[in-house]
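These notes are about the structure you will find just below.
No value in this document is a laboratory result; all are computed from the given coordinates. Keep in mind it's a predicted model, so treat the numbers as computed, not measured. Positions of Cβ are generated from backbone atoms using ideal geometry, with glycine treated the same way; all protein chains shown enter the neighbour counts.
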Amino acid sequence: MLKKSIRISRAGGLEARSFAKLVQVASKYDSRIYMETETKRVNAKSIMGMMSLEPEQDERIIISADGIDEQEAVMELEGFLVGKTDN
């Protein structure tokens, strides 16, 4: 299992379209992937779960992945959340 704490720095935070893209990115991987804030943990492959998390710009979030491709999954999701990729 791999866990990484990051600060969301994607311009404007996340809105519905960003959540959909984030779920698409997470769904490419076989690993179980979760995102959590201080109060909630959700499946990153669930659009409803991600929207209920309501992460905002500059908020800390923990990405955790468990599986054969966990490292690649965490790296790509981190890139998306910090605005390095638009995927």
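Loop-located GluC sites (Glu not before Pro) in region 1-86 (DSSP state other than H, G, I, E, B) with a sparse environment of at most 10 neighbouring Cβ atoms within 10 Å: GLU15, GLU38.
Between [x] 0.91; [y] 1.12; [z] 0.96, which matches Rg/Rh (Cα atoms, Kirkwood Rh) calculated for the structure shown? Given [x] 0.91; [y] 1.12; [z] 0.96, the calculated one carries the label [x]. Qualifying trypsin sites (Lys or Arg not before Pro) in the chain, where qualification requires a DSSP coil assignment and no more than 16 other C-beta atoms within 10 Å, comprise LYS28, LYS40, LYS84. Ellipticity at 222 nm from helices only: DSSP H runs of n ≥ 4 in the chain, each -39500 (n - 2.57), divided by the residue count, give -10500 deg cm²/dmol.
Other residues with beta-carbon under 14 Å from the beta-carbon of ALA65 carry, at +1 per Lys or Arg and -1 per Asp or Glu, a net charge of -2.
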